[in-house]
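J.: Handing you this structure, nothing more for now.
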Amino acid sequence: MYRIFITGSSEGLGLMAGQLLVEQGHSVVLHARNAARARDAKAALPGAEAVVTGDVATIAGARSVAGEANTLGRFDAVIHNVAVGYREPHRIETEDGLPHVFAVNVIAPYILTALIERPARLVYLSSALHHHAQARFDDLLWETRRWDGTEAYSESKLYNAMFAFAVARHWPGVLSNALEPGWVKTRMGGPTATDDMRQAHLTQAWLAADEAAGRVSGEYFYHMERRSPNPDTRDPALQELLLSRCAEITGIPFPSATDR
């Protein structure tokens, strides 16, 4: 049996992955943005061990979630599922001065990875849209460009895959992988999505707990099959730039392999 923490799991694919993992006999801790959503999550998955509550849109909130998760003890795997979508019509700024999409999709996984006690496996959800994105470290926070919600989301998913591979390179003792679940009819995906909902939650559960997946790190998947990611994600120089910018923004250095 594995203990698995799934961020952003009060509904949608995160909850579906949690339900599958509980059915397989694993212990699952869910995460919800607030108390009301936590109650809904627990009602939807009464077999969950616990629900961690906190809004990861802020640096302080993400720190709090990491702290609460650590009080529950070490996890065997963490699935970084939390995200917001591409429909934000303008640049919504968080209290930290960051674009909301970037704060939730990029900074939150960075903070949680850096501060949660290191598990054996890390799983990061990317998107097919990352294949067409370009790393824009010249305007990472959309301070000079005209806002484009789809492009901002696509870039964030590029950074998710890039981060997964950076973690795999820095922490050889951890299995760190990324995946795209497909464009499916969730609240984020919308009603016109065309991909197979029955497949959308399987890969993250498989990477988190399956024995066969326990031999794979630094790879990208779609429906439990390896797929080539955007080449930018494999560039060590870009990976290091992403880690350094996230550390600068959060004030949290990325831990070395020997830190803990």
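J.: I'd like to know if segment 239-253 contains one or more residues that are over 18 Å from the mean Cα position of the chain (by Cα), of a type outside the set (G, A, S) and not in a helix (DSSP H, G or I).
T.: yes
J.: While we're on this one: Can you tell me how many residues within segment 35-93 are surrounded by fewer than 16 Cβ atoms within 10 Å (Cβ to Cβ), charged (D, E, K, R), within 27 Å of A128 (Cα to Cα) and touching a residue at least 24 places away in the same chain (Cβ under 8 Å)?
T.: 1
J.: Do we find a residue being assigned to a helix (DSSP H, G or I) and polar (S, T, N, Q) anywhere in segment 97-117?
T.: The answer is yes, given that some residue of segment 97-117 is assigned to a helix (DSSP H, G or I) and polar (S, T, N, Q).
J.: What number of residues in segment 22-49 are over 20 Å from T113 (Cβ atoms), touching a strand residue (DSSP E or B) at 6+ places or on another chain (Cβ under 7 Å) and not basic (K, R)?
T.: As a first pass, look at segment 22-49 and keep what is over 20 Å from T113 (Cβ atoms): 22-27, 34-49.
Imposing the further condition that a residue be touching a strand residue (DSSP E or B) at 6+ places or on another chain (Cβ under 7 Å) reduces the set to 22, 26-27, 34-35, 38, 41-42, 45, 48-49.
Then keep just the ones that are not basic (K, R); that gives 22, 26-27, 34-35, 38, 41, 45, 48-49.
Residues that pass the stated criteria total 10.
J.: Right, something else. Of all residues in segment 138-150, which are under 14 Å from V106 (Cα atoms) and either without any contact (Cβ under 8 Å) to a residue 40 or more places away in the chain or of a type in the set (F, W, Y) (or both)?
T.: W142 - this is the single residue of segment 138-150 that is under 14 Å from V106 (Cα atoms) and either without any contact (Cβ under 8 Å) to a residue 40 or more places away in the chain or of a type in the set (F, W, Y) (or both).
J.: Can you give me the number of residues within segment 213-260 that are among the acidic types (D, E) and surrounded by 14 or more Cβ atoms within 10 Å (Cβ to Cβ)?
T.: 4
For every residue, the table says whether it meets (1) farther than 20 Å from A36 by Cβ; (2) small (G, A, S).
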site: G61; (1), (2): no, yes
site: V65; (1), (2): no, no
site: T71; (1), (2): yes, no
site: V82; (1), (2): no, no
site: L98; (1), (2): yes, no
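Read-outs: derived from the displayed coordinates by stated rules, not from any lab. Bear in mind the structure is a predicted one, so any value in this text is a computation, not a measurement. As a convention, Cβ positions derive from the backbone with ideal geometry for all residues, glycine included, and neighbour counts pool all protein chains shown.
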